[in-house]
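Trainee: Before I ask anything, here is the structure I am working with.
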Amino acid sequence: DIQMTQSPASLSASLGETISIECLASEGISSYLAWYQQKPGKSPQLLIYGANSLQAGVPSRFSGSGSGTQYSLKISSMQPEDEGDYFCQQSYKFPWTFGGGTKLELK
Amino acid sequence: QVQLKESGPGLVQPSQTLSLTCTVSGFSLTSNSVHWVRQPPGKGLEWVGAIWSGGSTDYNSALKSRLSISRDTSKSQVFLKMNSLQTEDTAIYFCTRSVLWVTPGAFDYWGQGVMVTVSS
C-alpha cells in the first residue's frame, strides 16, 4: 500500500498568516492527490484535486502544488473558518490511502 | 442537488455482520462511483471500498475477505456488508461520490456518516 505521511501533525497560525501542510507519498503518485478539510462532527470537504485544481466554491486562498512524491497545501491568509483537520489522499493505486491528518488551529 | 445518506444499526455485536445502506439522490449510480470511507473516533480516514458506474467493485485489501459492496440502481442505493466484526471496526462510516470526469480520484460529495459501535 502507498503510505501518505503528513506534516506537521498540528499547527497553530495567526490571523492572516500563510501556512503550508506537506504530504509525502511512499512512491510516486503522478499528482493523483486530493486535499480535504474536516471540521468537528462534520464530513470531510474537498478542497483540491489533481494536486493543484481548486474545487468549485473553495476560496482562492487555498492552493495545492507538488509532483512525484511530494505535495503541499497552502493557505494564504489564515481565517477563523479555516480551523479544522486537513487530510491528503492518493488515488494512484488501490487501496486509495489518506494521510494521518493535520490539526490547524487559530493562534 | 447531490445528496448521500447512510443508514444502518448503530450497535453491532462482535463477530456479527454489519449492513449499511447509502441512499443517493441528484445523480445516477450508473454514471458515478460510490465509495465507503470510515473513521475511527478521533482518528484518520480509511478507504473501505467502491462500486463503480458499471457495477464492478474494489475493496481495501485489508478488509477484502470480510467485505461486500453492492447496489440497487432502481432504488439509488448502495449497500455495504462486512462480516466478523471486531472492536477495531468501530468507526463513523461515510459514503461518498467520485466522478471520473469532474474530480478524478477525489470525493466531491459526502454523506453525514453513521457511527457504528462494535460491542457486546
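Bear in mind that the values in this text are calculations on the coordinates, not laboratory data. These figures come from a predicted structure and were not determined experimentally. Neighbour counts are summed over all protein chains in view; Cβ atoms, including those assigned to glycine, are modelled from backbone coordinates with ideal geometry.
Trainee: Stick to Cα atoms and the Kirkwood definition of Rh, then tell me Rg/Rh for the stretch B:20-88. Please report the intermediate quantities before stating the final value.
Mentor: Working: Rg = 12.6 Å, Rh = 12.8 Å.
Checking Rg against Rh, the ratio lands at 0.98.
Trainee: Return the tail of the calculated pair distribution for the stretch A:62-107, meaning the percent of Cα-Cα pairs more than 13 Å apart. Write down the numbers at each step before the final one.
Mentor: Numbers: 673 of 1035 pairs.
Taking all Cα-Cα pairs of the stretch A:62-107, the fraction more than 13 Å apart is 65 percent.
Trainee: Scale the Cα Rg of chain A by the rule-of-thumb value 2.2 N^0.38 Å and send over the ratio, two decimals. Provide the component values of the computation, followed by the final result.
Mentor: Details: Rg = 12.8 Å, N = 107, 2.2 N^0.38 = 13.0 Å.
Here the Cα radius of gyration is 0.99 times the empirical estimate.
Trainee: Can you tell me the Rg and the Dmax, both Å, for the Cα atoms in chain B?
Mentor: 13.6, 44
Trainee: Quick one: if you take sqrt(5λ) for each eigenvalue of the C-alpha gyration tensor of the protein assembly as shown, what semi-axes come out, biggest first, whole angstrom? Please report the intermediate quantities before stating the final value.
Mentor: On the way: eigenvalues 168, 74, 57 Å².
Working through the eigenvalues yields semi-axes of 29, 19, 17 Å.
Trainee: Could you tell me which of B:S120, B:V24, B:Y59 has its Cα farthest along the dipole of chain B towards the positive end, charges placed at Cβ (Lys, Arg +1; Asp, Glu -1), taken about the Cα centre?
Mentor: So the residue we want is B:V24.
Trainee: Let me ask another. If you put +1 on each Lys and Arg Cβ and -1 on each Asp and Glu Cβ, how big is the dipole of chain A around its Cα centre, in Debye rounded to 20?
Mentor: Rounded to the nearest 20 debye, it is 120 debye.
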